[in-house]
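The values are calculated or read from the model by the stated rules, or taken from the named source; none is laboratory data. These numbers were taken from a predicted model, which means no experiment stands behind them. Cβ sites come from the backbone with ideal geometry, for glycine too, and all protein chains shown count toward neighbours.
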Amino acid sequence: MDIFVQQLINGLVLGSIYALIALGYTMVYGILELINFAHGEVTMFGAMICLAILNALLLHSGLPPLLILGIGLVGAIGFCMVLGYALERIAYRPLRHAPRLAPLITAIGMSIVLQNVAMLIWGKKFLSFPDIIPIQRFTIAGANITNLQIVIILLAILIMICLWLLIHRTRLGRAMRATAQSPELASLMGINPNTIISATFMIGGALGAVAGVMVNAYYGPAHYTMGFMLGLKAFTAAVLGGIGNITGAMFGGLLLGLIESFGAGYIGQLTGGFMGSNYQHVFAFFVLILILVFRPSGLFGERVGERA
Amino acid sequence: MIAKLQSKWQHAKQDRRVVYATWIVLALLLLLLPFVTGMTLGRGWVRIIDFALLYIMLALGLNIVVGYAGLLDLGYIAFYAVGAYLYALLASPQFGLHWPVWAILPLGALTAGLFGVLLGAPTLKLRGDYLAIVTLGFGEIVRIFLTNLNAPYNITNGPQGISRIDPIVIAGVDLHRTYHLFGLSIPSTYLYYYLFLSFCLAIIFVCVRLQDSRIGRAWVAIREDEIAASAMGINTRNIKLLAFAMGASFGGISGGLFAGFQGFISPESFTLFESIIVVCMIVLGGMGNITGVILGAILLTVFPEALRYLGELQRLVFGQILVDPNDLRLLIFGLALVLIMIFRPSGLLPSVRREREFAADNSSVLEQEQESLYDQQR
């Protein structure tokens, strides 16, 4: 039983991180129908920038650690918003009317560029997060949970609620939904699609930055290649929920996190010891294929009106 | 300038002798290429050309799935892996088997084709990006199995990979040795060049013949509009599966050749990045156009290698090496991908159909094209 609760907690933490990144993919897809392959790298930059700020401030200023963490997080968010905006301007806007696979290639190209820029700046070492959060353990139903895990889950939920409110309750959100349905008609209503698209990339970048910092703080060292697998998993989560659908990305992320963590925990028992936890990723992809076979457009894919 | 040359060429093509002469010159160039390259750029470059030929085969195989049938496959390297591992298992000390190459390659093509159907069958209903992510997942599943199938039974030898794979032997000629003929020494990489070249030509021939055949036209019809295609009496299920199987079998053959050529394979050669690079070759060269795909494959194999000279260039310009050229290589490669796509969004040599759509300046046709390529089921 305690293994079950433990895996549930682990899955929720992993899932909320996936969900935050998946939202970046799905919002862009909803408007441009474009897989932003470089989004994982934006996440990586978020982690790296935060880390750089933390290390610099811890060394040279006497500020309290939590304030430094806050500054680092805000700095990372700001940088990733600019990065998301620049990405769209450089790599995607010139190709808005090109054949559909062309932006996919520029996205891959930008992803390679960003990875290597990060490598040139921060080197090939694994960079660990400084010890500024004192870890406390609590025991719930026989399972361990740390204050960091609680913060990650709560912060992710808070951000997702804010995003939901932004999309459903504000002018900007309404403009985003309108642009997702039809950019031409939206522009007839006085909405500038370019502004909306830039805003979407910036919001996605901000969410990615937060997720990157969370990964770095919770799972350990940051590395210039960390964005690739993260992005892949988050994109899988977005597809699982039905790509282009905001609610879908949130649930897809949580679901994928839970699948992975339960898969890793129980796969040995299920296959009689033949497969170990190193087949964790196989499990995730296998479930993805199964779900898509029975629901070809994802779990929430049908409600087209809800795209944003 | 280019248009002038093109019209001149069209004019010259009327004359049969010009056409024959061009073919003969081309054939001679291809025959002499390894010797010329070996003498001017060094023998290392012949090896790179060998790899370029392998990638051409891969890209042409994937072109059937992506370029003709319009099914975005991001896990194509899995079939390459299947072919390579089949060769490695049947011709290495791993199981003590040493089958001849002519038995393994057809078997590899068949097995890879079967895997293609295995991937295609459950995903027939999927469209566009959903298909892309499932194929990507399939590729990762194959790679993870290859990495982990060393316990409890050792089949693939896990992450260490399989080494000491038998070299390819054709008609008694061991391609791993250096032969001496008329005072010329012909090293192993040159021999492999001729082998790969002949396989390449065979695959190009198959692709050219397929393109305008009944099957080829059926693929294009499915790409443009699946419902209309099925209304025209095309069995879309079988034709799609055929595209997956054919594309995969090309991958299987080149995988087998790769294993024999390298003598060593490990799961690291079959990552998602490789799949993505093959997709880049196709899109960059010009999807659906055989010449374009070949050009894309050559460019993307040779260009990163040429960037190794960046160190020399830095020494010439700055007098010292400022940044390790190996660190800059991929960065410039990525930039080049972005720039080429921005300036030639439909690829370097777009297929005739696509070019017509662009030249027509008819945005509605273009829009239709964009939607039909990978539209979702709405």
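Would you be able to say whether some residue in segment B:262-274 is crowded, with 24+ Cβ neighbours inside 10 Å, touching a residue at least 60 places away in the same chain (Cβ under 8 Å) and not hydroxyl-bearing (Ser, Thr, Tyr)? Give the steps one after another, and end with the answer.
So in segment B:262-274, the residues crowded, with 24+ Cβ neighbours inside 10 Å come out as B:265, B:270.
If we keep only those that are touching a residue at least 60 places away in the same chain (Cβ under 8 Å) too, we end up with B:265, B:270.
Then keep just the ones that are not hydroxyl-bearing (Ser, Thr, Tyr); that gives B:265, B:270.
Yes, there is a match, as at least one residue in segment B:262-274 is crowded, with 24+ Cβ neighbours inside 10 Å, touching a residue at least 60 places away in the same chain (Cβ under 8 Å) and not hydroxyl-bearing (Ser, Thr, Tyr).
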Which one of the conditions (1) more than 14 Å from chain B (Cβ to nearest Cβ); (2) exposed (fewer than 13 other Cβ atoms within 10 Å of the Cβ); (3) in a helix (DSSP H, G or I) does A:Ile121 fail to meet, given that it meets all the rest? (1)
Matching residues in segment B:106-126 - criterion: being touching a helix residue (DSSP H, G or I) at 6+ places or on another chain (Cβ under 7 Å) and within 11 Å of chain A (Cβ to nearest Cβ): B:Leu119, B:Ala121, B:Pro122, B:Thr123, B:Leu124, B:Leu126
Please find, within segment B:156-183, the residue that is nearest to the other protein chains (Cβ to nearest Cβ) out of those that are in contact (Cβ under 8 Å) with a residue 24 or more places away in the chain and part of a strand (DSSP E or B). B:Ile162
Within segment B:243-259, is there a residue that is within 14 Å of chain A (Cβ to nearest Cβ) and in contact (Cβ under 8 Å) with a residue 60 or more places away in the chain? no
With (1) surrounded by 18 or more Cβ atoms within 10 Å (Cβ to Cβ); (2) without any contact (Cβ under 8 Å) to a residue 12 or more places away in the chain as the list, and B:Asn238 as the residue in question, which single condition is left unmet? (1)
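Tell me yes or no: at least one residue of segment B:145-155 is within 14 Å of another protein chain (Cβ to nearest Cβ) and within 22 Å of the chain's Cα centre (by Cα).
Let us first name the residues in segment B:145-155 that are within 14 Å of another protein chain (Cβ to nearest Cβ), namely B:145-155.
Then drop every residue that is not within 22 Å of the chain's Cα centre (by Cα), which leaves B:146.
Yes, because at least one residue in segment B:145-155 is within 14 Å of another protein chain (Cβ to nearest Cβ) and within 22 Å of the chain's Cα centre (by Cα).
Going by the conditions given, is B:Tyr68 aromatic (Phe, Trp, Tyr), crowded, with 17+ Cβ neighbours inside 10 Å and at pLDDT 90 or above? Break it down stepwise before answering.
Values: aromatic (Phe, Trp, Tyr): yes; crowded, with 17+ Cβ neighbours inside 10 Å: yes; at pLDDT 90 or above: no.
So B:Tyr68 does not fit the description; no.
For (1) over 30 Å from A:Ile105 (Cα atoms); (2) under 19 Å from the mean Cα position of the chain (by Cα), each residue gets a yes or a no:
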{"residue": "B:Leu72", "(1), (2)": "no, yes"}
{"residue": "B:Val82", "(1), (2)": "no, yes"}
{"residue": "B:Ala103", "(1), (2)": "yes, no"}
{"residue": "B:Gly113", "(1), (2)": "no, yes"}
{"residue": "B:Ala121", "(1), (2)": "no, no"}
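Among the residues of segment A:223-238, how many are crowded, with 24+ Cβ neighbours inside 10 Å and in contact with a Leu (Cβ under 7 Å, 6 or more places away or on another chain)?
Going through segment A:223-238, the residues crowded, with 24+ Cβ neighbours inside 10 Å turn out to be A:224, A:226-227, A:230-231, A:234-238.
Filter again for in contact with a Leu (Cβ under 7 Å, 6 or more places away or on another chain), leaving A:236-237.
The number of residues fulfilling the criteria is 2.
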Has segment A:66-89 got at least one residue that is within 14 Å of chain B (Cβ to nearest Cβ) and more than 18 Å from the chain's Cα centre (by Cα)? yes
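Tell me which residues, restricted to segment B:272-292, are β-branched (Val, Ile, Thr), more than 10 Å from chain A (Cβ to nearest Cβ) and within 15 Å of B:Gly251 (Cα to Cα).
Scanning segment B:272-292 gives a single hit, B:Val278.
Going through segment A:124-149 one residue at a time, which ones are in a helix (DSSP H, G or I) and out of contact with any helix residue (DSSP H, G or I) (no Cβ under 9 Å at 6 or more places or on another chain)? Give the derivation first.
As a first pass, look at segment A:124-149 and keep what is in a helix (DSSP H, G or I): A:147-149.
If the condition is that a residue be in a helix (DSSP H, G or I) and out of contact with any helix residue (DSSP H, G or I) (no Cβ under 9 Å at 6 or more places or on another chain), then A:Asn147 is the only one that fits.
Regarding segment A:55-76, can at least one residue be identified that is closer than 22 Å to B:Ala336 by Cβ and out of contact with any strand residue (DSSP E or B) (no Cβ under 9 Å at 6 or more places or on another chain)?
If we filter segment A:55-76 for residues that are closer than 22 Å to B:Ala336 by Cβ, which is where we start, we get none.
No, segment A:55-76 contains no residue that is closer than 22 Å to B:Ala336 by Cβ and out of contact with any strand residue (DSSP E or B) (no Cβ under 9 Å at 6 or more places or on another chain).
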Go through segment B:289-328 and give me each residue that's surrounded by fewer than 18 Cβ atoms within 10 Å (Cβ to Cβ) and closer than 17 Å to B:Glu274 by Cα. B:Val302, B:Phe303, B:Pro304, B:Glu305
Within segment B:103-147, how many residues turn out to be at pLDDT below 85 and either of a type in the set (Asp, Glu) or farther than 20 Å from B:Ala245 by Cα (or both)? 1
Does B:Thr189 satisfy the condition of being over 30 Å from B:Asp73 (Cβ atoms), in a helix (DSSP H, G or I) and either polar (S, T, N, Q) or within 14 Å of chain A (Cβ to nearest Cβ) (or both)? yes
Residue pairs within 9 Å by beta carbon, gap of at least six or interchain, first lying in segment A:195-214 and within 15 Å of A:Ile17 (Cα to Cα), second not in a helix (DSSP H, G or I), listed first then second, are A:Gly204/A:Asn36; A:Gly212/A:Ala222; A:Val213/A:Phe129
